[in-house]
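Comments concern the structure below.
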Amino acid sequence: MGEARDIALIGFGAIGRALAADLGRDPGYRLAVLTRHAADLPPDLRALPDVDALIAARPALAVEAAGQGAVAGYGPALLEAGISLVVASTGALADTPLLARLMRAAEAGGARLIVPAGAIGGLDYLAAVAGVEGARVRYTSRKPPAAWSEELRALGHDPSRLGAPVVIFEGSAAEAARRYPRNLNAGLAVALAASGALAGVEVVADPEALGNTHEIEVESAAGTASLRFANRPSPGNPKTSAVTALSLAQAVRRHFAPLVI
Ligand SMILES: NC(=O)C1=CN([C@@H]2O[C@H](COP(=O)(O)OP(=O)(O)OC[C@H]3O[C@@H](n4cnc5c(N)ncnc54)[C@H](OP(=O)(O)O)[C@@H]3O)[C@@H](O)[C@H]2O)C=CC1
Ligand SMILES: O=C([O-])CC(=O)C(=O)O
């Protein structure tokens, strides 16, 4: 095996910890973490105090699992410096001027901005049929009330005693990602893959939801598809599905793989 590849993680919360544990078991990777809480890192992880230190470390790839602010704050500089970036906080890309800036930076630096599947799957299918005439995609996010405590209280509901599903939002993926930056990244990933074919997004707090559920319905001249993901919440954050960290680990492996599936 060749020398270990340096990977820089940004953020060390629910996803960052799970991702570090996953990639950390693989001798093919050496990890460093940009975090505001360096003292909380296990001794085998190197702390990066700021984005300049990250760029100076010249990692083979950076992975953001921090928040929309980190994508906007660090993304352009990393990409311009030629460091490809996997973003978990895909909702940040609802900001079209930021997305354009990131794409210009990636082009200038010869790097890639990578949107992983995250909490869902099937983005390849959506992208393949998006241009087919009449293609129409709908996305529904259905999470248990614990993921929507504040929003339910604001609507006059007690999250611990919700008797029936409550629709929190209906509208565009971009507006959903702006309003709910911690809960609607998957909707924006669907929007990027499905492009103009995404007809709408619905967000539901559901006491019967078996975990964080994502439903994608597709109709086009190529056929129909019903995708449904019933995800276990991450132990560290009920808004975040545990599978997201697995998806990011997969995006890292895929980036370097000689066989891409
Ligand atoms: N694409 C997808 O399908 C999914 C995306 N996500 C998104 O992934 C991101 C991470 O999720 P999760 O791990 O659950 O969140 P957590 O809140 O558990 O962790 C985020 C961590 O990032 C740190 N952080 C925030 N901003 C910065 C910054 N500018 N620089 C360094 N560290 C920072 C926070 O620390 P501090 O205390 O310093 O703020 C915190 O420790 C979120 O934006 C989330 O919405 C989540 C699920 C699915
Ligand atoms: O983890 C999930 O189920 C999805 C999520 O939070 C998001 O899309 O932001």
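Values for this structure:
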item	result
Number of positions in the stretch 1-25 that are charged (D, E, K, R), away from ligand 1 (no atom under 15 Å from the Cβ) and surrounded by 15 or more Cβ atoms within 10 Å (Cβ to Cβ)	2
Long-range neighbours under 8 Å by Cβ, at least six apart or interchain, first residue farther than 25 Å from G67 by Cβ and in contact (Cβ under 8 Å) with a residue 40 or more places away in the chain within the stretch 225-242, second assigned to a strand (DSSP E or B) and near ligand 2 (Cβ under 7 Å from one of its atoms)	L227/H214
So L48, is it in contact with an Asp or Glu (Cβ under 9 Å, 6 or more places away or on another chain), aliphatic (A, V, I, L, M) and under 21 Å from G24 (Cα atoms)	no
Subset of the stretch 123-149 (residues that are surrounded by fewer than 17 Cβ atoms within 10 Å (Cβ to Cβ) and either touching a Phe, Trp or Tyr at 6+ places or on another chain (Cβ under 6 Å) or under 22 Å from V86 (Cβ atoms) (or both))	D124, A127, A128
From the options V87, V115, V71, V51, residue that is surrounded by fewer than 21 Cβ atoms within 10 Å (Cβ to Cβ), modelled with pLDDT of 95 or more, of a type in the set (A, V, I, L, M, F, W, C) and within 21 Å of T240 (Cα to Cα)	V115
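To keep it simple, each residue is scored yes or no on (1) at pLDDT 95 or above; (2) assigned to a helix (DSSP H, G or I); (3) in contact with a helix residue (DSSP H, G or I) (Cβ under 6 Å, 6 or more places away or on another chain).
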position: H214; (1), (2), (3): yes, no, yes
position: V218; (1), (2), (3): yes, no, no
position: T224; (1), (2), (3): yes, no, no
position: L227; (1), (2), (3): yes, no, no
position: P238; (1), (2), (3): no, no, yes
position: A245; (1), (2), (3): yes, yes, yes
position: A251; (1), (2), (3): yes, yes, no
position: H255; (1), (2), (3): yes, yes, no
position: P258; (1), (2), (3): yes, no, no
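The values are calculated or read from the model by the stated rules, or taken from the named source; none is laboratory data. Every value quoted in this text rests on a predicted model; they were computed, and no experiment measured them. Note that each Cβ is placed from the backbone with ideal geometry, even for glycine, and that neighbours are counted across all protein chains shown.
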